1. Order V83, V40, V6, most accessible first, counting only protein heavy atoms with a 1.4 angstrom probe.
2. Lysines near K3 by alpha-carbon distance under 29 Å, same-chain residues fewer than 8 away left out - which ones?
3. In whole Hz, what ³J(HN,Hα) sequence does the range 37-48 give by Karplus (6.51, -1.76, 1.60; θ = phi - 60°), x for Gly and Pro?
4. Let me know the volume per residue of the alpha-carbon convex hull for the chain, in Å³.
5. Could you work out the relative contact order of the chain? I mean the mean sequence separation of Cα pairs under 8 Å and 6+ apart, divided by the number of residues, in percent.
6. Please list 3J(HN,Hα) in residue order for the range 104-114, calculated via the Karplus relation 6.51 cos²θ - 1.76 cosθ + 1.60 where θ = phi - 60°; whole Hz, with x for glycine and proline.
7. Can you work out the Karplus-derived ³J(HN,Hα) for every residue in the range 53-63? Use 6.51 cos²θ - 1.76 cosθ + 1.60 with θ = phi - 60°, whole Hz, and x for glycine or proline.
8. Restricting things to Cα coordinates, could you compute the convex hull volume per residue of the range 1-63 in Å³?
Amino acid sequence: MGKVDVIRLEKGKEGTFGVLRLDGQVVCVTLEPPDRGNQVDVSCIPTGDYVCRQVDSPSFGRTYEVEDVPGRSRILFHQGNVVADTHGCILLGRHFGVLDASRGILQSRAAFRDFLDRVGDQRSFKVRVEEPC
């Protein structure tokens with residue numbers, strides 16, 4: 001696996017919606033909290049280049065943590081559907097949708113499994129988080 005990008009497409013009160021690309025290919029959609037100035041648990045992380053390391057989460061099992069986010073820790077890639085599920089992390093899904101009248105992402109469990117399969121047993125990788133506009 002080579003380059004990993006999270007590309008933010010839309011930012012608003014309902015969350016920060018984007019896509020995750022592996023080697024230039026979109027493999028899933030993403031949902032992060034709204035931009036609230038990098039506040040712990042309630043904001044998306046700043047744009048930039050980060051290293052992600054494999055961790056074993058008590059809540060999500062094997063996943064990856066985004067390291068060296070200024071003033072933050074335990075930013076994980078994990079499953080979930082709406083912004084309330086994010087806790088400051090990056091959720092993965094197959095497509096955007098609506099769940100219980102809230103915008104979000106759907107088929108998250110399957111998308112998260114696919115992501116882990118594609119990453120394989122790599123201990124770490126680099127990710128770029130960007131906003132093209």
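The values are calculated or read from the model by the stated rules, or taken from the named source; none is laboratory data. All of these numbers come straight from a predicted model, not from anything done at the bench. Please note: Cβ atoms are built from the backbone with ideal geometry, for glycine as well, and neighbour counts cover all protein chains shown. Surface areas here come from the heavy atoms of the whole protein model, side chains and all, with no ligands, DNA or RNA. Shrake-Rupley method; radii C 1.70, N 1.55, O 1.52, S 1.80 Å.
1. The residues order as V40, V83, V6, largest area first.
2. Within reach: K11, K126.
3. Here the 3J(HN,Hα) series is x, 6, 5, 4, 6, 10, 10, 5, 7, x, 5, x Hz.
4. Spelled out: Cα convex hull of the chain, divided by residues, is 97 Å³.
5. Reported as a whole number, the value is 27 percent.
6. For the range 104-114, the Karplus-derived couplings read x, 10, 10, 6, 5, 4, 5, 5, 5, 4, 4 Hz, x marking Gly and Pro.
7. So the Karplus estimates, Gly and Pro as x, are 10, 5, 9, 9, 8, x, 8, 10, x, 5, 7 Hz.
8. Once divided by residue count, the hull of the range 1-63 is 114 Å³.
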